[in-house]
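Enquirer: Below you'll find the structure I mean.
The values are calculated or read from the model by the stated rules, or taken from the named source; none is laboratory data. For clarity, every value in this text was computed on a predicted model and none was experimentally measured. Here the Cβ is made from the backbone with ideal geometry for all residues, glycine too, and neighbour counts use every protein chain on show.
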Amino acid sequence: MRLDVVSIFPEYLAPLRLSLIGRAVEKGRIDLGVHDLRDWTHDRHRTVDDTPYGGGAGMVMKPEPWAEALTALLAEPAAAGTDATGAEPAAPAERPVLIVPSPAGTPFTQAAAAELAGREHLVFACGRYEGIDQRVVDWARDRAEVRLYSIGDYVLNGGEVAALVMTEAIARLIPGIIGNPESLTEESHEDGLLEYPVYTKPADWRGHPVPEILLSGNHAAIARWRRDERLRRTAAVRPDLLAGLDPDTLDALDWAVL
Ligand code: 6GU
């Protein structure tokens, strides 16, 4: 996957070089570019913002640097294998996805992360101030599949932290990036339920025993207990998730818990 991030604070994206994504970048599974928007300005002050039309508080990001940045980053890569020797015609390139982190976007979900993990090229446009001139988003629709995503109902100062959140959720779902892919299947949000509680040694810790069933060796009973815990937890803290479940995915034992 090719991953580009544009920001006026490229240092904010340093964590992309660490841990899981960092290793994927080192191994060449992710081709990462972190870019300073000011590199596409031409004035002495490297200006990226201006006052809003219509008045109001704060500043708005100017369209020109964004258009130059996105023109450069969304450009089709030079087609390989179409030289004068008449070799293989290159497969048509998939449209890049331009992700604009925004509190006014649609909710970013595990399903969105899973879908994006299968795409060839993601570009994150991290805005600051009151946002990016709307015409940039409209203009970019000819060049990319544009998506505005919010990571939750609260306000951040800019899109950088949201881009870190989204890239982590996406990158860990790219095939071959996580050592043990089984760890992906029983997680919170994979199937609309929260995960079950986990325990490790010692079996009794400061007077708190591990639930006995987990020491029983009865794998079917353990699986049922874990499912019951997932249902109870989800009902207790995220009734909105339960309401969104397909009732056909619940069996009689599930209904007995709920
Ligand atoms: Cl994606 N960006 C910003 N700036 N604020 C947010 C957000 C995103 N999601 C929630 N708040």
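Enquirer: Test Pro101 against the stated conditions and say whether it is outside any helix (DSSP H, G or I) and buried (at least 18 other Cβ atoms within 10 Å of the Cβ). First the steps, then the outcome.
Expert: Values: outside any helix (DSSP H, G or I): yes; buried (at least 18 other Cβ atoms within 10 Å of the Cβ): yes.
Against the criterion (outside any helix (DSSP H, G or I) and buried (at least 18 other Cβ atoms within 10 Å of the Cβ)), Pro101 qualifies.
Enquirer: While we're on this one: Restricting to the range 126-160, what's the tally of residues that are in a strand (DSSP E or B) and within 15 Å of the ligand (Cβ to nearest atom)? Steps first, answer last, please.
Expert: So the first thing to find is which residues in the range 126-160 are in a strand (DSSP E or B), and the list is 132, 145-150.
The next check asks that each one be within 15 Å of the ligand (Cβ to nearest atom); those that pass are 132, 146-150.
Total satisfying the criteria: 6.
Enquirer: For the range 29-51, name all the residues that are more than 19 Å from the chain's Cα centre (by Cα) and in a loop (DSSP other than H, G, I, E, B).
Expert: Answer for the range 29-51, where residues must be more than 19 Å from the chain's Cα centre (by Cα) and in a loop (DSSP other than H, G, I, E, B): Thr41, His42, Asp43, Arg44, His45, Arg46, Thr47, Val48, Thr51.
Enquirer: When you look at Leu122, is it among the aliphatic types (A, V, I, L, M), at pLDDT 95 or above and more than 17 Å from the chain's Cα centre (by Cα), yes or no?
Expert: Details: among the aliphatic types (A, V, I, L, M): yes; at pLDDT 95 or above: yes; more than 17 Å from the chain's Cα centre (by Cα): no.
No; evaluated as a whole, the condition is false for this residue.
Enquirer: Among the numbered criteria (1) among the polar types (S, T, N, Q); (2) surrounded by 13 or more Cβ atoms within 10 Å (Cβ to Cβ); (3) not in a helix (DSSP H, G or I), which one does Thr200 miss?
Expert: Only one criterion in (1) among the polar types (S, T, N, Q); (2) surrounded by 13 or more Cβ atoms within 10 Å (Cβ to Cβ); (3) not in a helix (DSSP H, G or I) is unmet by Thr200, namely (2).
Enquirer: Let me ask another. State yes or no: is Ala113 modelled with pLDDT of 95 or more, more than 8 Å from the ligand (Cβ to nearest atom), out of contact with any strand residue (DSSP E or B) (no Cβ under 9 Å at 6 or more places or on another chain) and of a type outside the set (Val, Ile, Thr)?
Expert: Values: modelled with pLDDT of 95 or more: yes; more than 8 Å from the ligand (Cβ to nearest atom): yes; out of contact with any strand residue (DSSP E or B) (no Cβ under 9 Å at 6 or more places or on another chain): yes; of a type outside the set (Val, Ile, Thr): yes.
Here the answer is yes, as Ala113 does meet what is asked.
Enquirer: For Glu182, work out the one condition from (1) at pLDDT 90 or above; (2) out of contact with any helix residue (DSSP H, G or I) (no Cβ under 6 Å at 6 or more places or on another chain) it doesn't fulfil.
Expert: Result: Glu182 passes all but (1).
Enquirer: If Ala57 satisfies every condition in (1) within 16 Å of the ligand (Cβ to nearest atom); (2) surrounded by 13 or more Cβ atoms within 10 Å (Cβ to Cβ) but one, which is the exception?
Expert: All conditions pass for Ala57, except number (2).
Enquirer: For Arg172, indicate whether it is outside the structural domain of Ala114 (by TED's automatic domain parsing) and not aromatic (Phe, Trp, Tyr). Working first, answer last.
Expert: On the way: outside the structural domain of Ala114 (by TED's automatic domain parsing): no; not aromatic (Phe, Trp, Tyr): yes.
Taking the combined requirement at face value, the residue does not satisfy it.
Enquirer: For the range 212-228, how many residues meet the condition of being surrounded by fewer than 13 Cβ atoms within 10 Å (Cβ to Cβ) and either assigned to a loop (DSSP other than H, G, I, E, B) or among the basic types (Lys, Arg) (or both)? If you could, list the steps in order and put the result at the bottom.
Expert: Taking the range 212-228 as the starting set, the residues that turn out to be surrounded by fewer than 13 Cβ atoms within 10 Å (Cβ to Cβ) are 212, 215-221, 223.
Next cut, either assigned to a loop (DSSP other than H, G, I, E, B) or among the basic types (Lys, Arg) (or both) only: 216-218.
So the answer is 3.
Enquirer: Test Ile178 against the stated conditions and say whether it is touching a Lys or Arg at 6+ places or on another chain (Cβ under 8 Å) and closer than 22 Å to Arg2 by Cβ. First the steps, then the outcome.
Expert: On the way: touching a Lys or Arg at 6+ places or on another chain (Cβ under 8 Å): yes; closer than 22 Å to Arg2 by Cβ: yes.
Answer is yes for this residue.
Enquirer: In the range 166-179, which residues are surrounded by 15 or more Cβ atoms within 10 Å (Cβ to Cβ) and more than 8 Å from the ligand (Cβ to nearest atom)? Before the answer, list the steps.
Expert: Our first condition is that a residue be surrounded by 15 or more Cβ atoms within 10 Å (Cβ to Cβ); within the range 166-179, this holds for 166-174, 177-178.
Thr167, Glu168, Ala169, Ile170, Ala171, Arg172, Leu173, Ile174, Ile177, Ile178 - these are the residues of the range 166-179 that are surrounded by 15 or more Cβ atoms within 10 Å (Cβ to Cβ) and more than 8 Å from the ligand (Cβ to nearest atom).
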